């Protein structure tokens, strides 16, 4: 068992104010994996004070020096890829081979991306008689989830540090060990004391204290929509900036002219990535009514090929859910789908066969003939559960896809990219895969409606951590905008 008993605050491993701890259980078999410190409001105050004290010097640090440090963090992550990937597989359940590529590969690339970006990003520009400055927003609280724990941390922390902000990170208590590894790497990279701080604990205790703290200038949160609403309420008291990446119920639309053998399989694979614990998962498969039986057959056959089991075993392609609470929640939704009359094509609420005892496993499940307004078609289940919904024509497909409180992602499949893009332009969602187009770290990531606000990744993510300042200079040239405005 792993024991972590200190926070990382002001450049040092610091004991918490109290002695309470949180147990971390492995989803593979439910065994006790680790204990981490349970922080409270007093710990939040100490961490914010450290970030506040470090802000002025870090904001004044030249961008290329910040880039050097981000590059060192990238190198540190790359050197520890195998052990961090194994840690993440143990604490949240993604199969080890996927963890290497996604759970560690993506955040490693993110730190490198922002290191490179600082060499070309314009922090100043001239607009008429004004010099426009882009300055760091200030002290940032980053609150991150358990499904892609280090990826979500990197999307916030790398961009915030690149912008010149200081950070207090509170990772999910379900999968926190990767955050401790990152703190070690940041410390070894030589990042100045107080620029990055790590605390752990539960949201209603230390999380809310961080969000409401008057010296915090911005909160960047990824998690549930209900938690995002609570954070918005608390942050309103000090009118701080809030960036939210929340839930999703994305639709994968397969148009009539698409190759169903490729498209349907791809939507199922997308839905089941990370055991369905992906906010962008295409959990609604929309197909023409006339081709339902074909789509149902392909989806069920694809689900049957997934190997459920221990995430450290090489044959496993679908690991456990991250927690017992999540397992119970997903199985309840499956039972609800059955009770509501959906056609069960694969899986179900029963535990899969031949999985480790005590683990948090759910069988890859496919429902057919799901009504667009059914509970399993509207709620974010966050598990390996796919709903097949039929549509009459393309207008009906767009209507069904947009009939959701969420708007985070989606996909469209067609014989041509142009046809798919024409439909994608009508979807009210933050990103759409065109015929399986891959994820792009340089593109803005975020959602519409109750999927949140703000954008992460690429230059768009960097800009989210910057304020604009206008310096109004004295006009000196004929034809200057200022002079023209006076004579207009």
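Laboratory data are not the source of any read-out in this text; all were calculated from the coordinates shown. The structure displayed is predicted, hence computed values, not measured ones. Cβ sites come from the backbone with ideal geometry, for glycine too, and all protein chains shown count toward neighbours.
Some notes on this structure:
- Rel. contact order, % - alpha carbon contacts under 8 angstrom, at least six apart, the chain: 18 percent
- DSSP-defined beta bridges in the chain - what % are antiparallel, rounded to 5: 40 percent
- Across segment 250-434, Cα-Cα pairs more than 21 Å apart make up 45 percent of the total.
- If you wrap segment 23-150 in the convex hull of its Cα atoms and look at it from every side, the mean projected area works out to 10.4 nm².
- The slack in the chain from residue 31 to residue 439, taken as 0.36 nm per residue of separation less the alpha-carbon distance, amounts to 143.5 nm.
- Per-residue ellipticity at 222 nm computed for the chain from its helices equals -11500 deg cm²/dmol, with DSSP H segments shorter than 4 residues left out and the rest contributing -39,500 (n - 2.57).
- With contacts taken as Cα pairs under 8 Å and at least 6 residues apart, segment 128-216 reaches a relative contact order of 31 percent.
- On Cα atoms only, tilt of 260-272 relative to the major axis of the chain in degrees: 60 degrees
- The label point for residue 289 and the one for residue 425, both projected 7 Å from the Cα toward the Cβ, are 2.8 nm apart.
- Per the Debye formula on identical point scatterers at the alpha carbon atoms of the chain, with no solvent, log10 I(q)/I(0) at q = 0.12 Å⁻¹ is -1.06.
- Using alpha-carbon coordinates, inclination of helix 149-163 to the longest axis of the chain, degrees: 20 degrees
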